[in-house]
Structures are given as structure tokens and as C-alpha cells.
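The values are calculated or read from the model by the stated rules, or taken from the named source; none is laboratory data. Because the structure is predicted, anything quoted here is derived from the model rather than measured. As a convention, Cβ positions derive from the backbone with ideal geometry for all residues, glycine included, and neighbour counts pool all protein chains shown.
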Amino acid sequence: MKIIDSTDEMACTRPIGVFDSGVGGISVLQELIRVMPNENYIYLGDSKHAPYGTKTLEEVRRLSFENARVLLEQGAKGLVVACNTATSAAVRLMRNRYPSLPIVGIEPAVKPAALQKEHPKVLVMATPMTVEQEKFRLLMQRYEDQADIYPLPCPGLMEFIEAGDLESERLHDFLEELLHPYLSYGLDSVVLGCTHYPFAKKMIRKIVGEQVTIFDGGAGTAREMCRRLTLAGLRNPSEEKGWVHFENSLATDAELELCQRLLVQEIVDE
Ligand code: DGL
């Protein structure tokens with residue numbers, strides 16, 4: 001396997017490998033392209049094994065390492081784990097396995113949400129596995145004095161996005177039922193702690209209202225990858241727009257079409 005070698009002069013023109021349990025990480029890929037448009041990307045979606053958020057820790061670790069192997073075999077110069085679940089389960093172990101490789105994960109954007117104003121009320125939507133992990137408990141503990149933080153596991157939500165459903169009535173009803181108990185709390189912000197959820201942002205916004213700020217970690221992850229590649233001397237010097245290659249473990253035309261569609265899908269902002 002071609003793990004990055006700093007004496008390799010062509011290393012910086014190699015692609016950045018990005019993976020997720022499915023199509024959700026394309027919300028992070030959008031940010032990566034915004035920050036580093038001249039880089040090349042291989043995006044691997046493991047839709048065949050999705051969802052990860054309701055699997056065992058061991059299983060998510062095994063699948064994450066398998067995704068990393070596939071991307072590294074194709075010469076990736078760094079990895080973006082564009083999945084909160086896989087990040088909490090496996091990113092530390094991956095860094096141990098590949099110490100010289102820039103590896104950046106994503107975690108729920110609790111920090112900016114908690115520091116947004118004086119003692120805000122923050123709802124964190126994420127997969128069951130993400131909210132159960134030690135990493136998330138520590139993140140909550142860090143900000144518990146500054147904010148009221150409510151973790152909300154959302155099993156079943158990513159499946160809508162995997163099916164390409166971003167705005168059906170069924171999705172609306174699903175979200176309404178999920179969010180309804182919190183609507184009387186006077187929420188200040190909602191954190192989208194799973195990379196699939198930004199694709200449902202329009203619908204979430206409709207339910208929680210305009211006064212609530214919605215955060216996700218995609219932009220921060222993209223900036224961190226840019227910083228790491230720059231430090232490692234691995235930024236692509238090309239001034240041309242880079243390319244994106246999609247791979248999906250389902251490998252059907254419909255799945256690859258969905259990837260293309262989500263790449264240009266506008267994620268509505270404040
Ligand atoms: N997109 C993934 C995340 O950010 C998880 C979805 C899943 O596979 O359950 O957590």
C-alpha cells in the first residue's frame with residue numbers, strides 16, 4: 001500500500017480520500033471543495049453497510065479501517081473521516097496505525113454552539129453510537145457549565161438521505177415527532193452531529209424556526225484538513241480546479257447519481 005512518502009515529489013498532487021457510511025459525508029466534501037477547490041478527491045460511501053450509527057463499536061472500527069485501506073490503495077495523501085460515528089469509533093486508532101498520514105475527523109459542533117451566547121440551550125442531533133461514546137461525553141462535559149446541552153439520538157434519520165429523500169412529507173413528520181418534545185425548551189441552537197443531517201437542514205429549520213441557529217462541523221473539518229496538508233507540505237500547487245471521483249460500496253448507477261446530485265445540492269444556510 002502506498003502510504004504517503006514525503007520524498008515523493010508527486011505526493012502533493014495525489015487525491016484526498018474522504019469516506020462516510022454512505023452519502024452524508026458529501027456535505028463535508030462540499031466544504032472541502034469550497035476551501036481547497038484545486039485539490040482532487042476520492043469520495044468513498046459505504047452505503048452497503050449503512051447505517052453505522054446503530055452497529056457495534058467493533059464493526060464500525062472494522063468498516064472504517066476497510067474504507068481507509070481502499071482509499072490508501074488508490075494513493076490518497078490524507079484521509080477525511082467525514083462521519084461523526086466513524087470518527088468517534090476509529091479515528092484515534094487510525095492515527096496510531098498511520099502516524100505519518102494527515103487524518104482529520106469530524107465531531108459535533110458543540111463548541112461554537114455552546115459559546116454562541118450567554119448560557120444557550122443546545123440540542124445535539126447525532127447517531128445513537130456518537131452520543132454513547134466517551135468522546136462525546138467528554139465534549140459535553142467540557143461545555144456543561146456554559147450551556148444546557150441536550151443530546152438527541154436520531155436512529156432512522158440518515159436512511160431518508162440515503163434514499164435521496166430530502167423533503168417529503170414523511171421526512172417532515174419523522175422530524176416533527178423527533179423534535180417536538182424540545183420545541184418548548186426555547187432552544188438557541190441545533191447541532192447537526194451527523195454528516196447526513198445537513199441535507200435535511202431545510203426541513204429541520206422549518207420545524208425549529210428561524211430564531212434557532214443551526215451548526216454543523218463540515219466547514220471546520222475542511223479548514224483543519226487544509227491546515228494539516230499545508231503543514232505537511234502536501235497542498236496541491238495546481239491552479240486548476242481539481243476532480244472528484246465517487247465510489248460507493250453499493251456501486252449502482254442510482255447510488256452514484258445520488259452522489260452527484262448531493263454534491264451540487266444547496267445546503268440552505270442562515
Ligand atoms: N454520517 C454518519 C455520521 O456523521 C452516520 C450515519 C450512520 O451511518 O449512521 O455520523
Inset, instruction - Could you figure out which of (1) of a type in the set (A, V, I, L, M); (2) over 14 Å from the mean Cα position of the chain (by Cα); (3) closer than 20 Å to PHE246 by Cα isn't true of LEU115? - result: (3)
Inset, instruction - From SER27, SER88, grab the single residue that is touching a His at 6+ places or on another chain (Cβ under 9 Å) and within 30 Å of TYR182 (Cα to Cα). - result: SER27
Legend entry - Residue satisfying condition, being touching a Leu at 6+ places or on another chain (Cβ under 6 Å), of a type in the set (Asp, Glu) and either surrounded by fewer than 17 Cβ atoms within 10 Å (Cβ to Cβ) or in contact (Cβ under 8 Å) with a residue 60 or more places away in the chain (or both), within set ASP145, ASP165: ASP165
Inset, instruction - Write out, first by first residue and then by second, each pair whose Cβ atoms fall under 9 Å of each other, whose residues are 6+ apart or on separate chains, and whose first residue, in the stretch 1-24, is more than 17 Å from TYR197 (Cβ to Cβ) while the second is β-branched (Val, Ile, Thr) and at pLDDT below 95. - result: ALA11/ILE4; ARG14/ILE4
Legend entry - Scan of the stretch 157-212 for residues that are more than 16 Å from the ligand (Cβ to nearest atom), touching a helix residue (DSSP H, G or I) at 6+ places or on another chain (Cβ under 9 Å), within 16 Å of VAL122 (Cα to Cα) and not aliphatic (A, V, I, L, M), ordered by number: HIS180, TYR182, ASP188, SER189, GLY209
Legend entry - Count of residues meeting criterion [within 14 Å of the chain's Cα centre (by Cα), farther than 14 Å from GLY78 by Cα and not small (Gly, Ala, Ser)] in the stretch 92-109: 3
Inset, instruction - Collect the residues in the stretch 193-223 that are of a type in the set (A, V, I, L, M, F, W, C) and assigned to a strand (DSSP E or B), keeping them in residue-number order. - result: ILE214, PHE215
Inset, instruction - Within the stretch 240-247, identify whether any single residue is over 18 Å from the mean Cα position of the chain (by Cα), hydrophobic (A, V, I, L, M, F, W, C), loosely packed, with under 12 Cβ neighbours inside 10 Å and in a helix (DSSP H, G or I), and answer yes or no. - result: no
Inset, instruction - Kindly list, by first and then second residue, each pair from a residue in the stretch 41-57 that is farther than 14 Å from GLU247 by Cα and of a type in the set (A, V, I, L, M) to a residue that is outside any loop (DSSP other than H, G, I, E, B) and near the ligand (Cβ under 9 Å from one of its atoms), limited to pairs with Cβ atoms under 7 Å and residues at least 6 apart or on different chains. - result: ALA50/MET158; ALA50/GLU162
